[in-house]
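Visitor: Here it is, the structure, as structure tokens.
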Amino acid sequence: MSHAEALCTARGVRLTPLRRRVLELVQSRTEAVKAYDLLAQLSTEDHAAKPPTVYRALDFLLEQGLIHRVDSLNAFVGCNHPDTPHAAHLLLCARCGRVEELHSDAVDAAIAKAVAATGFVARHARLEVQGLCAACAAATQDN
Ligand SMILES: [Zn+2]
Ligand SMILES: [Zn+2]
């Protein structure tokens, strides 16, 4: 968390108490977190957590690369290396809900090359891969 604060300070943006709390709540889970779960959690705490405020906090954290959006789940996950902007390819476990990031220069390069070949001008590309995480895949084989 201090890392996120240092990053925001270096970028000249403010990690307000609500933004910090939203980030904590997203980062405390290995599965993706939906906005309404955050709202429900925050409403039990001492924050003035009106929905627009929470959505703005999520937008801020997305802009800063501290969290990623999981489009297929309409939810969010924390990023543990927000220092450099990157395409967040996500591995989604259908069994335990765990979300992991896949980092592969080879994948990025392959997408860029294949897309460029069509003449399409890409802004950003993000993959979401559905399946089983390593632990769940192992557990499934044991049965
Ligand atoms: Zn990331
Ligand atoms: Zn799993």
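The values are calculated or read from the model by the stated rules, or taken from the named source; none is laboratory data. All of these numbers come straight from a predicted model, not from anything done at the bench. Cβ sites come from the backbone with ideal geometry, for glycine too, and all protein chains shown count toward neighbours.
Visitor: Looking at the range 126-143, which of its residues are closer than 16 Å to Glu101 by Cβ, of a type in the set (A, V, I, L, M) and exposed (fewer than 13 other Cβ atoms within 10 Å of the Cβ)?
Guide: Within the range 126-143, Val129, Ala134 meet the criteria.
Visitor: Name every residue in the range 87-104 that is without any contact (Cβ under 8 Å) to a residue 60 or more places away in the chain and within 14 Å of ligand 1 (Cβ to nearest atom), in order of residue number.
Guide: Matches in the range 87-104: Ala87, Ala88, His89, Leu90, Leu91, Glu100, Glu101, Leu102, His103, Ser104.
Visitor: Just checking: which of the strands (runs of 3 or more DSSP E) contained wholly in the range 68-120 hold 2 or more residues that are farther than 20 Å from Ala4 by Cβ?
Guide: 89-93
Visitor: For Ala40, are the conditions met, namely being outside the structural domain of Leu7 (by TED's automatic domain parsing) and over 26 Å from His3 (Cα atoms)?
Guide: So Ala40 does not fit the description; no.
Visitor: Given the conditions (1) touching a Gly at 6+ places or on another chain (Cβ under 6 Å); (2) more than 25 Å from Pro17 (Cβ to Cβ), which single one is not true for Cys133?
Guide: (1)
Visitor: Here's something else I'd like to know. Across the range 89-111, which residue is farthest from ligand 2 (Cβ to nearest atom) among those that are among the small types (Gly, Ala, Ser) and either outside the structural domain of Ala122 (by TED's automatic domain parsing) or over 24 Å from Cys136 (Cα atoms) (or both)?
Guide: By that ranking, first place goes to Ala109.
Visitor: Taking Leu73, is it within 15 Å of ligand 2 (Cβ to nearest atom) and either under 14 Å from the mean Cα position of the chain (by Cα) or among the aromatic types (Phe, Trp, Tyr) (or both)?
Guide: yes
Visitor: Now a separate question. Kindly provide the set of residues from the range 1-23 that are touching a helix residue (DSSP H, G or I) at 6+ places or on another chain (Cβ under 9 Å) and not aliphatic (A, V, I, L, M), ordered by number.
Guide: Glu5, Cys8, Arg14, Thr16, Arg19, Arg20, Arg21
Visitor: Here is a further query. Have a look at Glu128, Glu31 and point out the one that is touching a helix residue (DSSP H, G or I) at 6+ places or on another chain (Cβ under 8 Å), touching a residue at least 40 places away in the same chain (Cβ under 8 Å) and among the charged types (D, E, K, R).
Guide: Just a single option satisfies the conditions, and that option is Glu128.
Visitor: Further question on the same structure: Tell me, yes or no, whether the range 58-79 has at least one residue that is farther than 22 Å from Arg126 by Cα and crowded, with 20+ Cβ neighbours inside 10 Å.
Guide: Checking the range 58-79: not a single residue is farther than 22 Å from Arg126 by Cα and crowded, with 20+ Cβ neighbours inside 10 Å.
Visitor: Check whether at least one residue in the range 67-75 is in contact (Cβ under 8 Å) with a residue 24 or more places away in the chain and in contact with a Pro (Cβ under 7 Å, 6 or more places away or on another chain), and report yes or no.
Guide: No; the residues of the range 67-75 include none that is in contact (Cβ under 8 Å) with a residue 24 or more places away in the chain and in contact with a Pro (Cβ under 7 Å, 6 or more places away or on another chain).
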